[in-house]
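Following: one structure in structure tokens, then a few remarks.
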Amino acid sequence: MATTLNIGLFGFGCVGQGLWDVLHRTKGLQTEITRICVKDRNKLRPLGAGMFTFEQNDILEDPKVDVVVELIDDADAAFTIVKSALLNGKAVVTANKKMVASNFAELLELQQATGRPVLYEASSCGSIPIIRNLEEYYDNDMLDGVQGIVNGTTNYILTKLTETTASYDDVLREAQQLGFAESDPTLDVEGYDAAFKTLIMGAHAFGTVLRPGDVIRRGITAVSSFDAVTAKAHGHTIKLLSQSRIRDGHLTSYVLPAFVPYQDPLATVRNEYNAVLLHGAFSDAQFFVGKGAGGHPTASAVLSDLAALRYAYKYEYKKIEQGTAPSLTTRVPVRAYVRSHSADVVSSVPFSDVEVEYKSGANHYVIGTTLLESLYRSEAFADKRTFIATL
Ligand code: HSE
């Protein structure tokens, strides 16, 4: 690779502009953004027009470009760009969790076929260096749990909803203005974004390559002040948790809101911060925390990947290569809080053990134990107005 690492950048939104800034303030790492490919011809941009192109091939076919940094939000278009970059002999750095999660197996094949790396530290938990740690530090430790708050937008919303009297719509708007939310915030609030990250971290932690639809997922759109008050009365706060666990040799992965006891370290993670709680056979519990969204924190992970390319770093996917990855199961017990306006909807969940049952005019809830699979197949799970949280 040449002395200067020449970067062709796709996308100049919040993270792209963050990267521009971060690279210009980082001494020592010799990099140069040679060209930036953007879509919107009419948008006002803070750099001279000469930096920009609207033609992808101006970057993809430029022999001077060593690495393509992909920071656009359209996952399908991003995959086409990444594929073409690899086939043209370029390394790729991306923050696009949807693109990585939706094409994980194809990206493995492409890396093998071309010998070029795809690095995506910025795809999961923003500034927390979780992928490379799972890949390198824990390559031989038998991890049996990866639990975390992996979406900054929903954590910001839940923090404000549980700590202030602000409305859901107002705090979502704030999260959008602060640059935390996806262009389509449904991806955040319905838990899709967290499910993509769960899949990516799970592949590196356990070697199991899932498809996005395999990760059972529900978001926070049904949460109400009643739920916040109920959680508080039980000594809990509400978080959207990504949970991957190995039990009896099988993997369970899901994203669901959770009642988290105040004394749990995850309860202390506020606003756009993310956290990952790892559990390993030898390392026991370890807790990572950091900013999970926003231009500069996410750009810091891109920067770290660019620095890693300097020493020809690539993921070895050691846990996948071992060929002993656990298979997925949803037949595991979960303790859950299910609250609805309708007692019938609540009773659609086959609880094996009911700890609390509450009925009033507007709110009915049960706290009890059921199988994850039964919860997933229940009318309550399909009903958008019902709030479900694990405990
Ligand atoms: N929308 C994402 C979040 C951005 O809120 O976590 C970082 O991946």
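Compactness ratio for the stretch 167-213: Cα radius of gyration over 2.2 N^0.38 Å (N = residue count) comes to 1.42. Relative to the 2.2 N^0.38 Å rule of thumb, the stretch 134-189 has a C-alpha radius of gyration ratio of 1.54. Computed over the stretch 238-285, the percent of Cα pairs more than 14 Å apart is 60. Computed extension length for ARG45-VAL229: 61.8 nm, one decimal, from 0.36 nm per residue of separation with the Cα-Cα distance subtracted. Taking the square roots of five times each eigenvalue of the Cα gyration tensor of the stretch 94-162, the equivalent ellipsoid has semi-axes of 27, 17, 10 Å, listed largest first.
In degrees from 0 to 90, rounded to the nearest 10, what is the angle of the helix 75-87 Cα long axis to the longest principal axis of the chain? Taking the Cα atoms of the chain, the angle to 75-87 is about 40 degrees.
How much length, in nm to one decimal, is gained on full extension between GLU136 and GLU355, taken as 0.36 nm per residue of separation minus their Cα-Cα distance?
Roughly 74.6 nm would be gained on extension.
Only helical runs count toward this figure. For the chain, summing -39,500 (n - 2.57) over DSSP H runs of n ≥ 4 and dividing by all residues gives -9000 deg cm²/dmol at 222 nm. In this rough spin-label picture, where each label sits 7 Å from Cα along the Cβ direction, the THR268-TYR311 distance is 3.1 nm.
For the stretch 121-233, the spread of Cα positions along the three principal axes, ordered from largest to smallest, is 47, 32, 25 Å.
GNM on the chain, C-alpha springs below 10 Å: top fluctuator among SER347, SER127, SER300? Ranking SER347, SER127, SER300 by mean-square fluctuation puts SER347 first. Between the stretch 120-142 and the stretch 52-113, how far is it from one alpha carbon centroid to the other, in angstrom? So the two Cα centres are separated by 21 Å.
For the stretch 332-391, a simple Cβ point-charge model (Lys and Arg +1, Asp and Glu -1, everything else neutral) yields a dipole of about 200 debye relative to the Cα centre. Taking amide H as placed 1.01 Å from N in the peptide plane, the amide H of VAL93 sits under 5 Å from that of VAL68, VAL69, GLU70, LEU119, each at least 5 places away or on another chain.
How large is the Kirkwood hydrodynamic radius of the chain, in angstrom, based on all distinct alpha carbon pairs?
Averaging 1/r across every pair of different Cα atoms and inverting gives 21.7 Å.
Treating r as the C-beta distance of ASP184 and THR324 and R0 as 41 Å, the FRET efficiency rounds to 0.65. By other beta-carbon atoms within 10 Å, ranking LEU391, LEU266, LEU306 with the fewest at the front produces LEU391, LEU266, LEU306.
Multiplying the residue separation of ARG377 and SER167 by 0.36 nm and removing their Cα-Cα distance gives an extension gain of 72.5 nm. Cα convex hull, the stretch 42-112: 99 Å³ per residue, rounded to a whole number. If the elastic network links every pair of Cα atoms under 10 Å, which of ARG339, ARG25, ARG35 fluctuates the most in the Gaussian network model of the chain? Result: ARG25 has the largest fluctuation of those listed. Its Cα gyration tensor gives the stretch 1-136 an equivalent ellipsoid; the semi-axes, largest first and in whole Å, are 22, 17, 16.
For MET201, MET51, MET99, MET142, the sequence from fewest to most other C-beta atoms within 10 Å is MET142, MET51, MET201, MET99. Take the Kirkwood radius over Cα pairs of the stretch 182-297, plug it into Stokes-Einstein at 10 °C and 1.306 mPa s, and you get 103 µm²/s for translational diffusion.
Shape summary: the stretch 332-391 maps onto an equivalent ellipsoid whose semi-axes, from the alpha-carbon gyration tensor, are 17, 13, 9 Å in decreasing order. Here the dipole of the chain is about 340 debye; that uses its Cα centre as origin and unit charges on the Cβ of Lys and Arg (positive) and Asp and Glu (negative).
Values in this text are rule-based calculations from the coordinates and carry no lab data. Treat the numbers as computed from the prediction; the structure is a model and nothing was measured. As a convention, Cβ positions derive from the backbone with ideal geometry for all residues, glycine included, and neighbour counts pool all protein chains shown.
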